[in-house]
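Just so it is clear, none of the values below were taken in a lab; they were calculated from the coordinates. All figures in this text were calculated on a predicted structure; none of them were measured in a lab. With ideal geometry, Cβ positions are generated from the backbone for all residues, glycine too; neighbour counts draw on all protein chains shown.
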There are 2 protein chains.
Amino acid sequence: MKKSLKANSLLFPNPAMVVCTYDANGRANAITLAWGGIAASEPPAVSIAVRPSRHSYEALRRTKAFTVNLPSVKHVTQTDFFGIASGRDIDKFAVTGLTPVKGEFVDAPYIEEFPYNIECQVVHEVELGTHTLFVGEVLNVKIDSDLVESNGKPSWENARLLTFDSMSRSYRAPGEVVGSAYSIGKKWLAS
Amino acid sequence: MKKSLKANSLLFPNPAMVVCTYDANGRANAITLAWGGIAASEPPAVSIAVRPSRHSYEALRRTKAFTVNLPSVKHVTQTDFFGIASGRDIDKFAVTGLTPVKGEFVDAPYIEEFPYNIECQVVHEVELGTHTLFVGEVLNVKIDSDLVESNGKPSWENARLLTFDSMSRSYRAPGEVVGSAYSIGKKWLAS
């Protein structure tokens, strides 16, 4: 039996993306966003949805650049803070003590202490009611070097990247693996 | 210390979205997609990225309608199968025994056995290299009635919705809660 809910934007899981820009004063700003995701594979692209009222919005329109920084579970309080405070009022980096580093490929800073940093150039803006969806082409990805294994590939288990759960309004650690992708479903091919 | 990786489309977490459409023969089709996410709050909207080579692509262009069905961990093999098989060759519903039900608000079927179903109307299409990003306005949401609590609100803990982990190419169960959103970060406001 199904029950209809009012149309809403609940989906699980959501990424806890800390998006960084330079504001009009050249100050590094960070905002936590969970609306968005991967948009294409080649060229790689991600989408982020931002309300025009947010301080980051002006920076995104002006610089056409941002970074997506994925926090580890140990950064959960800073991540939540970046979502509830405004960069108009507070220097979020000064308050949290995190380090903004100028991007190598785009005019936006990344967060040194976060394990995974994606440098993006805005290539599309789609206006959608409450939010504008910015599509950013990924120009570079940085990862903590201690997460790179001896074969040169990243080990994600140790990154412990945060999940945003918009349904229960909480942050979660990665859950247990329940199946291998592109593999476990082959049993139905044989049937 | 940071190491630069080749630009890529890795992000964690990704939703395991089973997207359903009707093909040109009126047959229900399902494809598993992990590229996409929430796009706006009001009107609620989601994005899904689809390669033009996929069987679902023609249906999305023609019907301008789709459903996003979120699987529980118990549907992990069917979810993986929907991603690796093509609806051109196989009736995926017949093979898995899952039930397509005609949407109430859009010309697309939803999966009865999956706990959470989102009915969407395509409102934007953005061409991005390998993928077209379809933005769908959410017209209705259905949920298994046994997941609705006595206060009328959904209980998500029991839904055990699947996460796709594109980094390790696996599916995960929801992880433990490590913090309350819009709350745990307030400590930095006071500092």
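Yes or no, residue by residue, for (1) over 13 Å from the mean Cα position of the chain (by Cα); (2) under 24 Å from residue A:15 (Cα atoms):
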| site | (1), (2) |
| --- | --- |
| B:5 | yes, yes |
| B:45 | no, yes |
| B:61 | yes, no |
| B:77 | yes, yes |
| B:83 | no, yes |
| B:88 | yes, no |
| B:91 | yes, no |
| B:96 | yes, no |
| B:100 | yes, no |
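Restricting to the range A:162-191, name every residue that is at the interface with chain B (Cβ under 7 Å from one of its Cβ atoms) and in contact with a Leu (Cβ under 7 Å, 6 or more places away or on another chain).
The answer is A:167, A:171, A:174.
Within the range A:70-126, can you find the residues that are touching a residue at least 60 places away in the same chain (Cβ under 8 Å), part of a strand (DSSP E or B) and facing chain B (nearest Cβ under 8 Å)?
Passing the criteria: A:70, A:118, A:123.
Quick one: which strands (runs of 3 or more DSSP E) lie wholly within the range A:129-191 and hold at least 2 residues that are in contact with a His (Cβ under 8 Å, 6 or more places away or on another chain) and either under 26 Å from residue A:101 (Cα atoms) or of a type in the set (D, E, K, R) (or both)? Step through it out loud before you land on a result.
On the way: elements: A:131-144, A:163-165, A:170-172, A:177-180.
Qualifying strands (runs of 3 or more DSSP E): A:131-144.
Could you tell me how many of the residues in the range B:63-75 are closer than 25 Å to residue B:123 by Cα and either among the hydroxyl-bearing types (Ser, Thr, Tyr) or more than 16 Å from the chain's Cα centre (by Cα) (or both)? Outline the logic, then answer.
First pass over the range B:63-75, keeping only residues closer than 25 Å to residue B:123 by Cα: B:63-71.
Applying the additional criterion that residues be either among the hydroxyl-bearing types (Ser, Thr, Tyr) or more than 16 Å from the chain's Cα centre (by Cα) (or both) yields B:63-64, B:67.
Summing the residues that are closer than 25 Å to residue B:123 by Cα and either among the hydroxyl-bearing types (Ser, Thr, Tyr) or more than 16 Å from the chain's Cα centre (by Cα) (or both) in the range B:63-75 gives 3.
Out of the range A:37-69, which residues are of a type in the set (D, E, K, R) and free of Cβ contacts under 8 Å to residues at least 40 places away in the same chain?
Taking the range A:37-69 as the starting set, the residues that turn out to be of a type in the set (D, E, K, R) are A:42, A:51, A:54, A:58, A:61-62, A:64.
Result: A:42, A:54, A:58, A:62.
Taking residue A:182 as the residue in question, decide whether it is surrounded by 21 or more Cβ atoms within 10 Å (Cβ to Cβ) and not hydrophobic (A, V, I, L, M, F, W, C).
Considered against the rule, which asks whether it is surrounded by 21 or more Cβ atoms within 10 Å (Cβ to Cβ) and not hydrophobic (A, V, I, L, M, F, W, C), residue A:182 comes out as no.
So, in the range B:158-184, how many residues would count as being of a type in the set (Gly, Ala, Ser) and out of contact with any Asp or Glu (no Cβ under 9 Å at 6 or more places or on another chain)? Break it down stepwise before answering.
Initial filter on the range B:158-184 (of a type in the set (Gly, Ala, Ser)): B:159, B:166, B:168, B:170, B:173, B:175, B:179-181, B:183.
Next, from what is left, pick out any that are out of contact with any Asp or Glu (no Cβ under 9 Å at 6 or more places or on another chain): B:166, B:170.
The qualifying residues number 2.
Quickly run through the range B:29-69 and pick out the residues that are in a helix (DSSP H, G or I), more than 14 Å from chain A (Cβ to nearest Cβ) and not β-branched (Val, Ile, Thr). Full working, then the answer.
Step one: list which residues in the range B:29-69 are in a helix (DSSP H, G or I), which gives B:55-63.
Keeping just the survivors that are more than 14 Å from chain A (Cβ to nearest Cβ) gives B:55-56, B:58-63.
Matches in the range B:29-69: B:55, B:56, B:58, B:59, B:60, B:61, B:62.
Considering only residues of the range A:127-161 that are facing chain B (nearest Cβ under 7 Å) and among the small types (Gly, Ala, Ser), which is surrounded by the most Cβ atoms within 10 Å (Cβ to Cβ)?
A:129
Name the residues in the range B:18-28 that are part of a loop (DSSP other than H, G, I, E, B) and either in contact (Cβ under 8 Å) with a residue 24 or more places away in the chain or crowded, with 24+ Cβ neighbours inside 10 Å (or both), would you? Steps first, answer last, please.
The first filter runs over the range B:18-28 and keeps only residues part of a loop (DSSP other than H, G, I, E, B), leaving B:23-27.
Correct list: B:23, B:24, B:27.
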